[in-house]
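What follows is a single structure, written as structure tokens, with notes after it.
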Amino acid sequence: MKDDPLIDLAQKINNPELRQKVIELLKNPTLTFLDHPDKYTTLKDSPASKRRHHSYQRGLVIHTIATTKLALSLAEILEEVYKVRVDRDVVIAASLLHDLFKHLTYFEVYPGKYVRSKLGERLDHLSLIIGELYARKFPLDVIHAVVAHHGDNGPIEPRTIEALLVHMADRTDAEINDKVLFAAKEIIKECLMKEVVTLPKEVSPYEVILAKKEGGCEEVRRRFSSMI
């Protein structure tokens, strides 16, 4: 996967064994302990959710990149301001892998419309990634940071600094994108008189908001009417 931003981030892991485990899983995100569904989205094309944050093509990869970078920024703040020692290898590994198998739980029935795959109807992405991390003998601290990334809404709350950073980074990026995506859809509804469930892969919700800010509905229509 040449020039892959996920692999580039994984290369920042100092521990060679952990780095290799993460890269292998990112390059070949397949299950070894369970059969794959017959139909599912690919990792590079998958949304991060069906209707909420990053619910558009490539949303999962974009969310993973943002979460990892946010978590690393939080680690830097804790180290510089609070003099807290953070295991960045755990932070990077868990951030990159926290939502990895979401792509196996989704299936695109037509452009922009995603439903649960047969596997996704029976198991959630968190169960899948935790099972695979156990099967591949990942370090316990990485497994914990992944299983705890939903915070109080997950099976266990974060009990290490690294797990807390991954949770907060994941939550922050998801909430920001959720609000931006909702705002973009409202702008499209107002300016283009169209209701959209998801955005085409060519249209960034951030660009829609910026267009409205720069030139109102006229600019939104000029830039996006032929794409939506």
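The values are calculated or read from the model by the stated rules, or taken from the named source; none is laboratory data. Keep in mind that this is a model prediction, so the values were computed, not measured. Neighbour counts are summed over all protein chains in view; Cβ atoms, including those assigned to glycine, are modelled from backbone coordinates with ideal geometry.
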message: So for the stretch 69-83 (the condition being modelled with pLDDT of 95 or more, in a loop (DSSP other than H, G, I, E, B) and within 24 Å of Asp173 (Cα to Cα)), does at least one residue qualify?
response: yes
- line: The residue that is farthest from the chain's Cα centre (by Cα), considering only those in the stretch 202-228 that are among the small types (Gly, Ala, Ser) and under 12 Å from Ala184 (Cβ atoms), is Ala211
message: So for the stretch 91-104 (the condition being over 13 Å from the mean Cα position of the chain (by Cα) and either surrounded by fewer than 20 Cβ atoms within 10 Å (Cβ to Cβ) or farther than 30 Å from Lys39 by Cα (or both)), does at least one residue qualify?
response: yes
- line: Looking across the stretch 48-59 at residues that are touching an Asp or Glu at 6+ places or on another chain (Cβ under 8 Å) and farther than 16 Å from Arg171 by Cβ, the single one that is surrounded by the most Cβ atoms within 10 Å (Cβ to Cβ) is Gln57
statement: For helices (runs of 4 or more DSSP H) lying entirely in the stretch 93-154, having 1 or more residues that are more than 23 Å from Thr198 (Cβ to Cβ) picks out 125-135, 140-147
message: With the structure loaded, tell me whether Leu25 is free of Cβ contacts under 8 Å to residues at least 60 places away in the same chain, crowded, with 19+ Cβ neighbours inside 10 Å and farther than 18 Å from Pro158 by Cβ or whether it fails that test.
response: no
- request: Pick out the one residue from Pro155, Pro200, Pro205 that is in contact (Cβ under 8 Å) with a residue 24 or more places away in the chain and closer than 29 Å to Leu78 by Cβ.
  value: Pro155
task: Consider Leu165 carefully, then state whether it is buried (at least 21 other Cβ atoms within 10 Å of the Cβ), out of contact with any Pro (no Cβ under 8 Å at 6 or more places or on another chain) and more than 19 Å from Arg58 (Cα to Cα).
output: yes
- prompt: Do you know which of the residues in the stretch 175-201 that are part of a loop (DSSP other than H, G, I, E, B) and touching a Phe, Trp or Tyr at 6+ places or on another chain (Cβ under 9 Å) is surrounded by the most Cβ atoms within 10 Å (Cβ to Cβ)?
  reply: Leu199
